[in-house]
Amino acid sequence: AKTLSSDSEVLFKFSLHTGSGQKARRLPRLRRERALNRIIMGKGGCIPPPATTGGVENDVPILEKEREEKKLAEPKFHWADDEEPHRRRKQEILRKHPEIKKYMGIDPSTKFKVAFWVAFQLLSLHLLDGAPWYTWLFCCYTLSGSINHMMTLAMHELSHNLGAGGVTSNRLLAIFANLPMGIPAASSFKRYHMEHHKFQGEDVVDCDIPTETEGWFFHNTPRKVLWCFLQPLFYSLRPLVVNPKQPTRWEYVNISCIVAFDLTILYFWGVRGLLYLVLGTLFGMGLHPVAGHFIAEHYVMNDGQETYSYYGPLNWLTFNVGYHNEHHDFANVSGRHLPELRRIAPEYYDALPHYHSWVKVIWDYIVDDGISPYSRVKRVTLERRKVEDLRARGGLVK
């Protein structure tokens, strides 16, 4: 995988950290990529603030002008003028609790969890072969929906290279976790998710934020119910509209693997077997208890706060993704160890508003007229030309 831009620019940036471009060329690929990831994420995995270039006379007025234009064009979002909160908090926590560094790194158990649940999905196909339609549909929503959503969060864990010792190993394991979902997603998800972390809330760049059209249309209770059902559609297609990227070889590998797996399922279990997997994915990412994390993570329920944690039992099924403040503060700590971060630094997390029920989050989102797709924090810290340059390079990760 390539990060940042051209090899020459990468070697130049690396040489600034090592003092030698030749040293960068001699490093094995894995060590080189880890070093480059430290450039992206900062020392200890910390995300640096977006860089500014040029003189104050030129750049600052341009950025402020573009920021005001976007605020006027989409006034119903929550606009922030400062950087995202996680970088500063992480630095402060590390100064007070340096022992947290021992939790940074991979979780070797992730690959075994993925293998078990992929095998369980195949066993489910066998056990439900010939079952009554109502039994099949119930299991499709509850069992397949929950397991396939769990696999999306395995992909999330692996996008941060937290499941195996090498970048390529994590990519391949993510594609393996993607198989029972029936829809290719792992490789594209990694590309967009890295930008969500580095540029949280950045207009156009962070595709996790709903569009103006979504906010305009899905503004009342019946329409928000529909939005929840259609969330898989928006989650997968929104990036293609807001911030399209040229497919890379890893996305073609991902697609090929999913097509081959789907054809295998069709051969052994027919259309019904394939529908069990694909509908399970759509159900699990739609109006489903586990899908509550989509709303809980960043929808503004408390003015002034843009990231929220969930401390409930569904974390057992989701690689602790509910510990979302902890995750954004320390993206290089695996889900397995996120509860330890809260235990070590409770003064930073316990006082933040948080949730204990994703079902309640979904309910509040649907019935509360003050919450809608507009309930997201947006910011403009990059000039339009820099956003276009990032897009022209294919994004942070290819």
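Scanning region 226-243 for residues that are within 10 Å of residue 207 (Cβ to Cβ) and in contact (Cβ under 8 Å) with a residue 60 or more places away in the chain yields a single hit, 243.
The condition (being in contact (Cβ under 8 Å) with a residue 12 or more places away in the chain, of a type in the set (Phe, Trp, Tyr), open to solvent by 10 Å² or more (accessible area, probe 1.4 Å) and in a helix (DSSP H, G or I)) is satisfied by just one residue among 252, 348, 276: 348.
Candidates 248, 211, 221: the one that is hydroxyl-bearing (Ser, Thr, Tyr) and under 18 Å from residue 184 (Cβ atoms) is 248.
None of 332, 325, 320, 315 is over 16 Å from residue 158 (Cα atoms), of a type outside the set (Val, Ile, Thr) and under 14 Å from the mean Cα position of the chain (by Cα) except 325. Taking region 74-90 as the range and being out of contact with any Phe, Trp or Tyr (no Cβ under 9 Å at 6 or more places or on another chain) and not in a strand (DSSP E or B) as the test, the residues that pass are 75, 81, 82, 83, 85, 87, 88.
Here region 296-325 is the region considered, the condition is being among the hydroxyl-bearing types (Ser, Thr, Tyr) and either modelled with pLDDT under 95 or in a loop (DSSP other than H, G, I, E, B) (or both), and the residue that is surrounded by the fewest Cβ atoms within 10 Å (Cβ to Cβ) is 311.
Residue under question is residue 293, and the condition is that it be within 17 Å of residue 162 (Cβ to Cβ), within 18 Å of the chain's Cα centre (by Cα) and assigned to a helix (DSSP H, G or I); does it hold? Taking the combined requirement at face value, the residue does not satisfy it.
Of all residues in region 190-198, one or more are within 21 Å of residue 247 (Cβ to Cβ), open to solvent by 20 Å² or more (accessible area, probe 1.4 Å) and hydrophobic (A, V, I, L, M, F, W, C). The set of residues from region 384-398 being under 20 Å from the mean Cα position of the chain (by Cα) and open to solvent by less than 50 Å² (accessible area, probe 1.4 Å) comprises 387, 390, 394, 395, 396, 397. Answer with yes or no whether residue 88 is under 22 Å from the mean Cα position of the chain (by Cα) and either within 30 Å of residue 266 (Cα to Cα) or surrounded by fewer than 17 Cβ atoms within 10 Å (Cβ to Cβ) (or both). Judged against the criteria, residue 88 is a match. Among the residues of region 91-119, just one is open to solvent by 30 Å² or more (accessible area, probe 1.4 Å), assigned to a helix (DSSP H, G or I) and touching a strand residue (DSSP E or B) at 6+ places or on another chain (Cβ under 9 Å), namely 103. Which ones in region 155-173 are under 13 Å from the mean Cα position of the chain (by Cα) and either farther than 18 Å from residue 195 by Cα or open to solvent by 30 Å² or more (accessible area, probe 1.4 Å) (or both)? Of everything in region 155-173, just one residue is under 13 Å from the mean Cα position of the chain (by Cα) and either farther than 18 Å from residue 195 by Cα or open to solvent by 30 Å² or more (accessible area, probe 1.4 Å) (or both), namely 161. Restricting 188, 159, 144 to residues that are in contact (Cβ under 8 Å) with a residue 60 or more places away in the chain, within 22 Å of residue 328 (Cβ to Cβ) and touching a helix residue (DSSP H, G or I) at 6+ places or on another chain (Cβ under 9 Å) narrows the list to 188. Which residues, counting only those in region 361-378, are part of a helix (DSSP H, G or I) and in contact (Cβ under 8 Å) with a residue 40 or more places away in the chain? Listed by number, the residues that qualify are 361, 362, 364, 365, 366, 367. If you go through region 358-378 and keep only what is hydrophobic (A, V, I, L, M, F, W, C) and either surrounded by 21 or more Cβ atoms within 10 Å (Cβ to Cβ) or touching a His at 6+ places or on another chain (Cβ under 9 Å) (or both), you end up with 358, 361, 362, 377. Taking the stated definitions as given, is residue 381 assigned to a loop (DSSP other than H, G, I, E, B) and open to solvent by 20 Å² or more (accessible area, probe 1.4 Å)? In short, yes.
The values are calculated or read from the model by the stated rules, or taken from the named source; none is laboratory data. It should be emphasised that the depicted structure is a prediction, and the values quoted were computed from it without experimental measurement. Glycine also receives a Cβ, built like all others from the backbone with ideal geometry; neighbour counts cover every protein chain displayed. Please note that ligands, DNA and RNA were not included when accessible areas were found on the heavy atoms of the full protein model with its side chains. Shrake-Rupley method; radii C 1.70, N 1.55, O 1.52, S 1.80 Å.
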